[in-house]
1. For residues in the range 54-76 being open to solvent by 50 Å² or more (accessible area, probe 1.4 Å) and in contact (Cβ under 8 Å) with a residue 40 or more places away in the chain, which is farthest from K24 (Cα to Cα)?
2. In the range 13-35, which residue that is more than 12 Å from the chain's Cα centre (by Cα) and in contact (Cβ under 8 Å) with a residue 24 or more places away in the chain is most open to solvent (accessible area, probe 1.4 Å)?
3. Does the range 79-99 hold any residues that are of a type in the set (A, V, I, L, M) and within 12 Å of F7 (Cβ to Cβ), and which are they?
4. Do you know which residues across the range 36-51 are touching a residue at least 60 places away in the same chain (Cβ under 8 Å) and among the aliphatic types (A, V, I, L, M)?
5. Would you please name the residue that is surrounded by the most Cβ atoms within 10 Å (Cβ to Cβ), looking only at residues in the range 92-107 that are within 15 Å of the ligand (Cβ to nearest atom) and of a type in the set (A, V, I, L, M, F, W, C)?
6. In the list E79, E89, which residue meets the criterion of being away from the ligand (no atom under 14 Å from the Cβ) and exposed (fewer than 11 other Cβ atoms within 10 Å of the Cβ)?
7. Can you tell me which residues in the range 36-53 are polar (S, T, N, Q) and exposed (fewer than 14 other Cβ atoms within 10 Å of the Cβ)?
8. Taking I10 as the residue in question, decide whether it is within 10 Å of the ligand (Cβ to nearest atom) and in a helix (DSSP H, G or I).
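The values are calculated or read from the model by the stated rules, or taken from the named source; none is laboratory data. Computed from a prediction, not measured in an experiment: that's the story for all the values here. Virtual Cβ from ideal backbone geometry, glycine too; neighbours counted across all protein chains shown. Ligands, DNA and RNA are excluded from the accessible area calculation, which covers all protein heavy atoms including side chains. Shrake-Rupley method; radii C 1.70, N 1.55, O 1.52, S 1.80 Å.
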Amino acid sequence: MTQETIFGRILSGEIPCDEVYSDKHCLAFRDIQPQAPVHILIIPRKNIHKLSDATEQDQELLGHLLLVASKVAHQEGLEDWRTVINSGEKAGQTVFHLHIHVLGGRVLQWPPG
Ligand code: DGP
């Protein structure tokens, strides 16, 4: 069920987004609360709640999402950038539909909070 979360509603077209990339497996759009000049979210069309729920069956999909991360970073003209996946509430996940953050356009500190 992709309608369960706000990202499911974005996937179904019910809620608009600032789309930067789309294919049959995933959608990428700008984060509504950007933490960097470029902040994009990549979500699978398949509703996986969090990374720890992914199984071996999702191996190809997960690899695809990372390649799309690289593609959109390149599309945005980023040379250096970071991907983040928060898995679970204590890790900062607020939307329970798996998503990859792509952040760039400024110097990023390490470690994150
Ligand atoms: P996380 O904390 O890892 O679950 O990240 C969720 C991100 O989703 C957070 O950076 C804000 C973003 N977000 C939440 N609601 C919306 C929305 O309706 N549209 C867009 N574009 N981003 C959203």
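1. Among residues in the range 54-76 that are open to solvent by 50 Å² or more (accessible area, probe 1.4 Å) and in contact (Cβ under 8 Å) with a residue 40 or more places away in the chain, the one farthest from K24 (Cα to Cα) is E76.
2. Checking each candidate, the answer is Q35.
3. The answer is V95, L98.
4. A36, V38, I40, L41, I42
5. L98
6. Of the residues listed, the single one that is away from the ligand (no atom under 14 Å from the Cβ) and exposed (fewer than 11 other Cβ atoms within 10 Å of the Cβ) is E79.
7. Once the filter is applied, which keeps residues that are polar (S, T, N, Q) and exposed (fewer than 14 other Cβ atoms within 10 Å of the Cβ), the range 36-53 yields only S52.
8. On the way: within 10 Å of the ligand (Cβ to nearest atom): yes; in a helix (DSSP H, G or I): yes.
Considered against the rule, which asks whether it is within 10 Å of the ligand (Cβ to nearest atom) and in a helix (DSSP H, G or I), I10 comes out as yes.
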